[in-house]
1. Taking only protein heavy atoms and a 1.4 Å probe, what accessible area per residue, in Å², does segment 67-184 have with all protein chains in place?
2. So how far, in whole Å, is the C-alpha centre of segment 145-200 from the one of segment 64-122?
3. Measure nothing fancy, just the Cα-based angle from helix 50-64's long axis to the longest principal axis of the chain, in degrees from 0 to 90, nearest 10.
4. May I ask you to give the percent of accessible area on the chain that is carbon plus sulfur, with a probe radius of 1.4 Å?
5. Compute the long axis of helix 135-156 from its Cα atoms, compare it with the longest principal axis of the Cα atoms of the chain, and write down the angle in degrees, 0 to 90, nearest 10.
6. Name the shape class, rounded, prolate or oblate, that the alpha-carbon gyration tensor gives for segment 82-128, where a ≥ b ≥ c are the square roots of its eigenvalues, rounded holds for a/c under 1.5, and otherwise prolate holds if a/b is larger than b/c and oblate otherwise.
7. Using a Förster distance of 25 angstrom, determine the FRET efficiency expected from the C-beta separation of R210 and A132, and round it to 0.05.
8. Which percent of Cα-Cα pairs in the chain sits in each 5 Å bin, short to long?
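The values are calculated or read from the model by the stated rules, or taken from the named source; none is laboratory data. Quick caveat: nothing in here was measured; it's all calculated off a predicted structure. Counting neighbours? That spans all protein chains shown, and the Cβs are built from the backbone with ideal geometry, glycine included. For accessibility, only protein heavy atoms count, side chains too; no ligands or nucleic acids. Shrake-Rupley method; radii C 1.70, N 1.55, O 1.52, S 1.80 Å.
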Amino acid sequence: MNTFDWDAVGDAFPLLLEGFRVTLLATVLGTLVAAVLGLAIAVAGRAPSRFVTVPVRAVMEFIRSTPLLVQLVGAAAVFSSVEPLTIGIAVLGIHYATYTSEVYRAGIDGVPKGQWEACRALSMSPRRTWQAVILPQAVRNVLPALGNYAVSMFKETPFLAVITVQEMVFEARKYGADHFAYTEAFTLAGLVFLVASYPTSLLMRKLEKRLGH
């Protein structure tokens, strides 16, 4: 009967810690891409021209309707000369941007109509209206939801292993194969994910309650 090897846990921890660094880097940069691109998509979706809104909507639906894993493999095949981590960050960011754009859209729609009317009455330019009035209110209201998507992205970074990004689960699998200690390596990886993501989820809930008052 196999027993849990605590020595293997200690031996694997430094390798998984290095993988965690890559995981964290992909999450942070991917979240930044998703936040910025999602906002751009949300604003473009309100453009008066259908030549803008229709293609944007079509691309969003295509990305949402295809699995993240397929997108990663496809992007790696097309951009084979690009570093896998860069591809992974870009694909994660673009994939989640299609969801954060809806979060932004809800935030923008939540701004009272009186705010828009006041800006028009003051003859404010569209750019000034967005920058000074609409976006500050909209972004503040959607911060918890954006944080939740960041946590979701963090938990989906193991998919990057399929394009050879050496994130934490990649390192766990490698250690397990080299030392026949899959249970220890994957248990440790799971615990690291739990320790990193659970407090963040609690923080997002508190922030949501605070902003809701």
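1. Dividing the accessible area of segment 67-184 by its residue count gives 52 Å².
2. Cα centroid to Cα centroid, the span is 23 Å.
3. Once rounded, one gets 20 degrees.
4. 65 percent
5. Between helix and principal axis, roughly 20 degrees.
6. It is oblate, given that a/c is not under 1.5 and a/b is not larger than b/c.
7. 0.55
8. Reading the bins upward from 0: 1, 7, 12, 14, 15, 14, 11, 9, 6, 4, 3, 2, 1, 0, 0, 0.
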